[in-house]
1. For segment 68-79, indicate whether the set of residues that are assigned to a loop (DSSP other than H, G, I, E, B) and either within 20 Å of S149 (Cβ to Cβ) or at pLDDT 90 or above (or both) is non-empty.
2. Could you check V148 against (1) modelled with pLDDT under 80; (2) more than 19 Å from I17 (Cβ to Cβ) and say which number it fails?
3. Tell me the residue from E193, E181 that is at pLDDT 80 or above and either under 28 Å from Y65 (Cα atoms) or in contact with a helix residue (DSSP H, G or I) (Cβ under 9 Å, 6 or more places away or on another chain) (or both), please.
4. Mind counting the residues in segment 64-122 that are on the phi > 0 side of the Ramachandran plot and either among the polar types (S, T, N, Q) or crowded, with 19+ Cβ neighbours inside 10 Å (or both)?
5. Hey, G138 hits all of (1) surrounded by 17 or more Cβ atoms within 10 Å (Cβ to Cβ); (2) at negative phi but one; which does it fall short on?
6. Looking at L123 and the list (1) in a helix (DSSP H, G or I); (2) over 18 Å from the mean Cα position of the chain (by Cα), which single condition is not satisfied?
7. One residue is enough: does segment 26-34 have a residue meeting the conditions surrounded by fewer than 17 Cβ atoms within 10 Å (Cβ to Cβ), farther than 28 Å from A88 by Cβ, aliphatic (A, V, I, L, M) and at pLDDT below 75?
Amino acid sequence: MKSKLLSSQNLILGFLILIAAGFIIAETVAYDITWDDSLIFYRYAENFVNGHGLVYNPGEFVEGYSSFLWTLLLALGGFIGFEISVVARWLGVLLAIGSVIIVFNLGRRFMPHTILAGVIAVLLLAFRFDFGLYAHSGMETALATFLVSLTYFLYIKKIDINRTLWTVGIIAGLISLTRPEGIIVMAAFTVTELTRYKSEKY
């Protein structure tokens, strides 16, 4: 009986992900928008791939990007041979879909006896116009959203099974490399864990 329930939940999850992914991809195709700020990332990544370093103009060493990790990921795509703007758009879409999957599991975690919370969470997130818009904007927003969601999900999961949190710490560290304010997220998780550890100790 339990295996049948898990099987039906997996089918629902798969169906939801297909709907959410289809909607986000449809948005990407329908709204062929290039954000001005994303061109800064493209330029830095392109110069890095061409051997000039992380610079906007060759020979001028000025840090003008807001996301170190996103710039490196785009450059990695360029090194592999893909067009950087294409990497930015579709990597953002994949990360957005990943966030949708995490949100479903968070909903199921907080209401384990029903998948309704997960279903509602997915629908509310995936069908937000701005969520899809930022996903394919070429900006680092989708990466930041994915990393914050993943850190939170792993954090509560590790606490549930009483495992070490080093993986959580590493991913939380990546948030600060994605957005400058990621350091605030890191600090929040650190303070929460220290408080929890102290309360359990005493």
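The values are calculated or read from the model by the stated rules, or taken from the named source; none is laboratory data. Predicted, not measured: the structure shown is a model, and the values here were computed from it. A quick note on method: Cβ atoms are made from the backbone with ideal geometry, for glycine too, and the neighbour counts reach across all protein chains shown.
1. No, every residue in segment 68-79 fails to be assigned to a loop (DSSP other than H, G, I, E, B) and either within 20 Å of S149 (Cβ to Cβ) or at pLDDT 90 or above (or both).
2. (1)
3. E181
4. So the answer is 0.
5. All conditions are met except number (2).
6. Of everything listed in (1) in a helix (DSSP H, G or I); (2) over 18 Å from the mean Cα position of the chain (by Cα), L123 misses just condition (2).
7. Looking through segment 26-34, none of the residues is surrounded by fewer than 17 Cβ atoms within 10 Å (Cβ to Cβ), farther than 28 Å from A88 by Cβ, aliphatic (A, V, I, L, M) and at pLDDT below 75.
One line per residue, one yes/no per condition, for (1) among the hydroxyl-bearing types (S, T, Y); (2) modelled with pLDDT of 90 or more; (3) part of a loop (DSSP other than H, G, I, E, B); (4) over 19 Å from the mean Cα position of the chain (by Cα):
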{"residue": "I17", "(1), (2), (3), (4)": "no, no, no, no"}
{"residue": "I40", "(1), (2), (3), (4)": "no, yes, no, yes"}
{"residue": "R43", "(1), (2), (3), (4)": "no, yes, no, yes"}
{"residue": "L91", "(1), (2), (3), (4)": "no, yes, no, no"}
{"residue": "S99", "(1), (2), (3), (4)": "yes, yes, no, no"}
